[in-house]
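Have a look at the structure below before the remarks.
The values are calculated or read from the model by the stated rules, or taken from the named source; none is laboratory data. Keep in mind the model is a prediction, meaning the values are calculated, not measured. Quick reminder, even Gly has a Cβ in these numbers, built from the backbone with ideal geometry, and neighbours come from all protein chains shown.
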Amino acid sequence: MSSRTLRIACFFGWSNSGKTTLIAALIEECWRRGLRCGAAKSSRHPGNFGDETKDTGRFRSAGAAPVTYIGVGQTRSTAVYIPTPENPDRDWLERIYSEVDCLLVEGLEVDGASRVLVEAGDRSGKRELADIDILVSDDPERRAAFSATGKRAFPHEAIGAILDALEETWKVVDRPQEK
C-alpha cells in the first residue's frame, strides 16, 4: 500500500458529452500549475491505442504520463500489458501511478475519488446527482439546481475553476481520519 493518497477524479457521462475533451484540457491545466498528471480510460470495449484522436491518444497528447487503458467486463486487460484485477481499486492505481500528483479517470468508479458528471445537450442523467461531487453541464438551469444543493457546477469551458474545485475536494480527501 502507498504511503500517500493519490488524488483521483473520476469522470462519468454519456458518449459525446465532452468527458475526453474536458479531461484533456484539465491535464494541460495541471501541467501549467506544476502538477504531474496521469490519466486512465476504462471501458468494456477493446481499446484503440494507435489512433491519437481516440481517448488515450488525446490524454497522451495533452501531457498525461502515464496513460492507461483499463479494460473491464469481458475485456479485462489493461494496456501496459498487466492483468486487471476483477475490481480495479485505489491501491492498484496507486502502484501504477506512483510518480504523479493526480489521476483523472474516465469511466471507472474508484473508492474515495472525486466524482465528476459531464453532461451535454439532452445527454443527462448518467448518474444520480446526489452521488457526484462536481457537475459539468451546458445547461445553466441544471447547474443552478445542482449548485443550490451546496455542490459545485460549471460550464465545460471553465477549466481553471473545475480544477480549483477538484483541488478543494482532494484536500478534503487528503485529511487524516479522526480516531
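If you go through region 82-99 one residue at a time, how many are modelled with pLDDT of 85 or more and more than 21 Å from ARG36 (Cβ to Cβ)?
Residues meeting the conditions: 1.
Yes or no: ASP133 charged (D, E, K, R), without any contact (Cβ under 8 Å) to a residue 60 or more places away in the chain, loosely packed, with under 12 Cβ neighbours inside 10 Å and in contact with a helix residue (DSSP H, G or I) (Cβ under 9 Å, 6 or more places away or on another chain)?
Criteria not met by ASP133.
So which of ARG115, ARG142, ARG95, ARG127 ends up being of a type in the set (Lys, Arg) and closer than 18 Å to ILE27 by Cα?
ARG115
Hey, among the residues in region 130-139 that are modelled with pLDDT under 95 and not in a loop (DSSP other than H, G, I, E, B), which one's nearest to ILE8 (Cα to Cα)?
ASP131
Looking only at region 54-73, decide whether some residue is of a type in the set (Lys, Arg), under 30 Å from ASP139 (Cα atoms), more than 14 Å from the chain's Cα centre (by Cα) and at pLDDT below 85.
yes
In region 109-129, how many residues are of a type in the set (A, V, I, L, M, F, W, C) and modelled with pLDDT under 85?
Summing the residues that are of a type in the set (A, V, I, L, M, F, W, C) and modelled with pLDDT under 85 in region 109-129 gives 1.
Restricting attention to region 105-129, and to residues there that are part of a loop (DSSP other than H, G, I, E, B) and among the aliphatic types (A, V, I, L, M), which single residue is nearest to LYS19 (Cα to Cα)?
Of everything passing the filter in region 105-129, LEU108 is nearest to LYS19 (Cα to Cα).
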